[in-house]
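I have placed the structure first, in the form of structure tokens, so that the comments after it can refer back to it.
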Amino acid sequence: MSRAAEVQARESLPFSPEYGAVETRLLDDDLVAFHVAMRGARDAQDVTDYAECAAAQYTLIRGFGFARHLRTKTAEVAGTWQADAIYTISAAIPAGLRTIDAEVTVENCKNNGIPTV
């Protein structure tokens, strides 16, 4: 299946998101874990996006501008998708391939109707 066909198939799935609470744990000065849950997600990507939005807003709250995604574990239990994600936060663009600009990401989350912290 082509990437375009995968995107089209995903977009045709029912999507009625109910975003749950965000739990945040500061693991170190610049290392943060996020646990988020939601119902009505199409798949793991929706809950992963929710975790990224929470991480971006938290990064701004802490006075930083950037985050780097380290890992996300997802699971669906009884119709509720959950994500456990870990990010580093920093004032400067961190090394690595999976970095996010917190301001840009928060704006994208708002535009897509995904809540932040």
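The values are calculated or read from the model by the stated rules, or taken from the named source; none is laboratory data. Computed from a predicted model, the values in this text were never measured in an experiment. Methodologically, a virtual Cβ is constructed for each residue, glycine included, from the backbone with ideal geometry; neighbour enumeration extends over all protein chains shown. Areas reflect the complete protein model, heavy atoms only, side chains present, ligands, DNA and RNA absent. Shrake-Rupley method; radii C 1.70, N 1.55, O 1.52, S 1.80 Å.
The residue among V104, A56, A37 whose Cα reaches farthest toward the positive pole of the charge dipole of the chain, with charges on the beta-carbon of Lys, Arg, Asp and Glu, is A37. Atom-type composition of the exposed protein surface of the chain places 50 percent of the accessible area on carbon and sulfur (1.4 angstrom probe). The smallest convex shape that holds all Cα atoms of the stretch 19-89, its convex hull, gives 72 Å³ per residue.
Per residue, the convex hull spanned by the Cα atoms of the stretch 67-117 amounts to 98 cubic angstrom.
Excluding ligands, DNA and RNA, the accessible surface per residue across the chain is 57 Å² with a 1.4 Å probe.
Packing-wise, with mean Cβ within 10 Å as the measure, how do 48-60, 66-78, 14-26 rank, highest first?
48-60, 66-78, 14-26
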